[in-house]
Each structure stands twice: as structure tokens, then as C-alpha cells.
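Below: one structure, written as C-alpha cells.
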Amino acid sequence: MGTRGPVPQPDNVRALRGNPGGRSAPKRVTAKPGAPSAPTWLDTEAKAEWRRIVPELDRLGVLAKVDRAALTTYCAAWSKFVAAERLLQTEDLVAERRAGNGPAKHPAWQIWREATTTVAMLAKELFITPNSRLRSIKPEGDDGTEGEDILD
């Protein structure tokens with residue numbers, strides 16, 4: 001059986017949240033902050049997602065070069081999600097079976113569902129979702145003025 005309790009946060013996210021309980025933290029291995037480079041083999045949609053999220057995550061200071069695999073998986077899953085979504089938008093949601101046994105759900109639904117699950121899970125881990133950012137604590141020295149005029 002695994003360890004009980006919440007999943008440990010990455011070092012960079014933990015540093016942003018601070019130590020609200022004031023307890024002494026155990027020594028941990030930390031990763032040097034910085035944005036990793038995108039793999040060359042990513043398809044066009046995945047590269048577009050990489051270019052969209054990585055600069056913003058790097059600006060927030062939540063990325064390290066060792067996050068490349070998680071980012072790559074997220075972007076590849078995003079690309080699969082987009083492809084399945086486009087296919088489901090252009091084709092019938094129900095497909096006929098080859099043996100003529102009546103209708104069945106379109107095979108792209110499985111790809112869509114698995115990609116959606118992967119994207120959602122990794123978005124939380126990579127600090128991409130609004131909820132994961134709202135639950136964080138601002139780092140020391142942040143006066144909170146950045147973005148305060150967003151609703152003006």
C-alpha cells in the first residue's frame with residue numbers, strides 16, 4: 001500500500017506556496033528553475049500548445065528543465081484531444097458495427113476520453129488549471145499588483 005496523504009508537490013510549486021503551517025520541512029532535492037526545450041518530434045498542434053503554455057508557466061516560475069517529459073506528454077495528449085474532437089465534430093457520434101449488430105459509439109470517443117483524462121491530470125500537476133493556481137500562496141515579495149486591473 002502506498003503512502004497516505006496528499007501527493008507531494010513539485011519543489012517549484014511548494015516554493016511558491018510557502019510554508020503556511022510553519023513546520024520544518026525535510027531536506028528535498030530541488031530542480032533548477034527554467035523552461036525546457038520542446039522536442040522536435042511533436043506535431044503541429046502539440047508545438048502550438050507548448051508555445052502557448054511554456055512561456056507563461058516559466059514567467060510564473062513553476063517550470064524546471066526536468067519537467068520536459070510531463071510537458072511533452074501534456075502537449076501530445078492535447079494534440080490527440082484536438083484531433084479526436086475535430087473528428088467527432090465532423091462525423092456521426094454513433095458508428096455502425098461491421099457485423100451489422102446495430103449502432104455503437106464512435107471509436108474516437110475512447111481516444112477523446114483518454115486524452116481528456118491525461119490533459120486534466122497533467123494540467124493540475126503542471127500548475128495550468130485556474131484551481132491549482134488559486135490554491136497557491138503568492139511568493140514573498142509579491143505585492144499582488146500584477147494583473148489587478150484585469151477586470152477594468
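The values are calculated or read from the model by the stated rules, or taken from the named source; none is laboratory data. Being a predicted model, the structure only gives us computed values, none of them experimental. Glycine also receives a Cβ, built like all others from the backbone with ideal geometry; neighbour counts cover every protein chain displayed.
Structure data summary
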| read-out | value |
| --- | --- |
| Count of residues meeting criterion [in contact with a strand residue (DSSP E or B) (Cβ under 9 Å, 6 or more places away or on another chain) and either part of a loop (DSSP other than H, G, I, E, B) or at pLDDT below 70 (or both)] in segment 17-34 | 4 |
| Among the residues listed as VAL82, VAL94, VAL66, VAL54, the single one being in contact with an Asp or Glu (Cβ under 8 Å, 6 or more places away or on another chain) and without any contact (Cβ under 8 Å) to a residue 60 or more places away in the chain | VAL82 |
| Of all residues making up segment 43-69, the number that are of a type outside the set (Asp, Glu), surrounded by fewer than 17 Cβ atoms within 10 Å (Cβ to Cβ) and either modelled with pLDDT of 95 or more or part of a helix (DSSP H, G or I) (or both) | 12 |
| Tally, over segment 97-152, of residues that are at pLDDT 70 or above, over 19 Å from VAL13 (Cβ atoms) and either assigned to a loop (DSSP other than H, G, I, E, B) or of a type in the set (D, E, K, R) (or both) | 7 |
| Cβ-Cβ under 7 Å pairs, at least 6 apart or on other chains, segment 100-127 side under 28 Å from LEU63 (Cα atoms), far side surrounded by fewer than 17 Cβ atoms within 10 Å (Cβ to Cβ) and of a type in the set (Lys, Arg) | PHE127/ARG133 |
| Odd one out for THR72 among (1) without any contact (Cβ under 8 Å) to a residue 24 or more places away in the chain; (2) closer than 16 Å to ALA120 by Cα; (3) of a type in the set (S, T, N, Q) | (1) |
